[in-house]
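Report on one structure; see the data block that follows.
The values are calculated or read from the model by the stated rules, or taken from the named source; none is laboratory data. Model, not experiment: these values are computed from the prediction. No Cβ is skipped: glycine too gets one built from the backbone with ideal geometry, and neighbour counts run over all protein chains shown. To get the accessible areas, we keep the full protein, side chains included, count just its heavy atoms, and leave off ligands, DNA and RNA. Shrake-Rupley method; radii C 1.70, N 1.55, O 1.52, S 1.80 Å.
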Amino acid sequence: MSVPEPVEELLASALAAAAAASAVLLERARGSLEVGTKISHRDLVTDADRAAEAAIDAVLRERHPGHRLLAEEGTTREAAGSAAVRWIVDPLDGTVNFARGMSHYCVSIAAEDEQGLAVAVVQDPVRGEVFRAARGQGAWLGERRLQVSAAPGLADAILATGFSYETAMREENARHAAALIPRLRGFRRMGSAALDLAWVAAGRLDGFWELGLKPWDVAAGLLLVTEAGGVVSGMPGQAEPLVSGTVVAGGPAVHEALSAALAG
């Protein structure tokens, strides 16, 4: 087993990379965009996604040339030597929002080592908010330590979800939403899983669930929620989120109630 890298160093690198990508996104948002599609007509990609990913890659390559990288827009690196760290990067989570001039999007960066997720940064360029977490050190927004909400159940909860680009999963999640909405205090669908999870960590949302996600959509958000005292899992009966691509997250009471409702 290789010697673990200090989480403080990894977090500093994640913060620097997220800041570089956020600067790119803010600049590109003021100009014209080249917009294309990926797996379906619903799944957009812009030149800003790629430019932000290149900015992240440049920071991480300089600081950690031997580390592995998994990024949404295809930038990958295999480990050199015995490096155990893998960066999991979404340079622009909420591309559809970004392309339409809506302000709910973010940069999501996580690092995992042999012990699991080690650090996380979700940066909201428009609001200037930087959510960060390091394993065993809590989750933070600026100088404020984050804590998930203490909502005791679904009747008191505001939940968020997102809808997969795949039609069958959209239909399944629409059924979940239709069953849940009458039982909730409120319901939101804002278009960025990473930022939604950061808001769960901050107590702005009480819970979140979604199907059909990729590791880069959720890696940073998962650590933020758990370090803020929350619980994360796959959908009932499914593997953990980085494997299954399904996520249920919230404070302990809401997570339990939401998991039970989704299993029904």
Residues of the range 1-48 classified as part of a helix (DSSP H, G or I), modelled with pLDDT under 95 and open to solvent by less than 60 Å² (accessible area, probe 1.4 Å), total: 3
Enumeration of residues in the range 233-259 that are among the aliphatic types (A, V, I, L, M) and either within 15 Å of residue 177 (Cβ to Cβ) or without any contact (Cβ under 8 Å) to a residue 24 or more places away in the chain (or both): 235, 239, 243, 247, 248, 258
Among the residues in the range 112-123, are any part of a loop (DSSP other than H, G, I, E, B) and open to solvent by less than 10 Å² (accessible area, probe 1.4 Å)? no
Is there a residue being of a type in the set (S, T, N, Q), in contact with a Phe, Trp or Tyr (Cβ under 8 Å, 6 or more places away or on another chain) and under 30 Å from residue 125 (Cβ atoms) anywhere in the range 209-231? no
Within the range 191-216, take every residue that is over 9 Å from the mean Cα position of the chain (by Cα) and acidic (Asp, Glu) and give me the one that is farthest from residue 139 (Cα to Cα). 210
Would you be able to tell me the number of residues in the range 221-264 that are within 12 Å of residue 193 (Cα to Cα) and out of contact with any Lys or Arg (no Cβ under 9 Å at 6 or more places or on another chain)? 6
Tell me, yes or no, whether the range 217-232 has at least one residue that is surrounded by fewer than 19 Cβ atoms within 10 Å (Cβ to Cβ) and either in contact (Cβ under 8 Å) with a residue 60 or more places away in the chain or over 16 Å from the mean Cα position of the chain (by Cα) (or both). yes
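Go through the range 87-96 and give me each residue that's open to solvent by 10 Å² or more (accessible area, probe 1.4 Å) and at pLDDT 95 or above.
93
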In the range 233-264, residue surrounded by the most Cβ atoms within 10 Å (Cβ to Cβ) [restricted to those that are of a type in the set (Ser, Thr, Tyr) and touching a strand residue (DSSP E or B) at 6+ places or on another chain (Cβ under 8 Å)]: 246
Assess whether residue 101 counts as being open to solvent by 40 Å² or more (accessible area, probe 1.4 Å) and either more than 23 Å from residue 21 (Cα to Cα) or not β-branched (Val, Ile, Thr) (or both). yes
Find the residue count for the range 181-208, including only residues that are β-branched (Val, Ile, Thr) and in contact (Cβ under 8 Å) with a residue 12 or more places away in the chain. 1
Which residues, taken from the range 162-174, are in contact with a Phe, Trp or Tyr (Cβ under 6 Å, 6 or more places away or on another chain) and open to solvent by 50 Å² or more (accessible area, probe 1.4 Å)? 170
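Considering only the range 131-161, state which residues are open to solvent by 40 Å² or more (accessible area, probe 1.4 Å), small (Gly, Ala, Ser) and either modelled with pLDDT under 95 or within 12 Å of residue 223 (Cα to Cα) (or both).
136
Test residue 74 against the criterion of being at pLDDT below 95, outside any loop (DSSP other than H, G, I, E, B), touching a helix residue (DSSP H, G or I) at 6+ places or on another chain (Cβ under 9 Å) and closer than 30 Å to residue 167 by Cα, and give yes or no.
Here the answer is no, as residue 74 does not meet what is asked.
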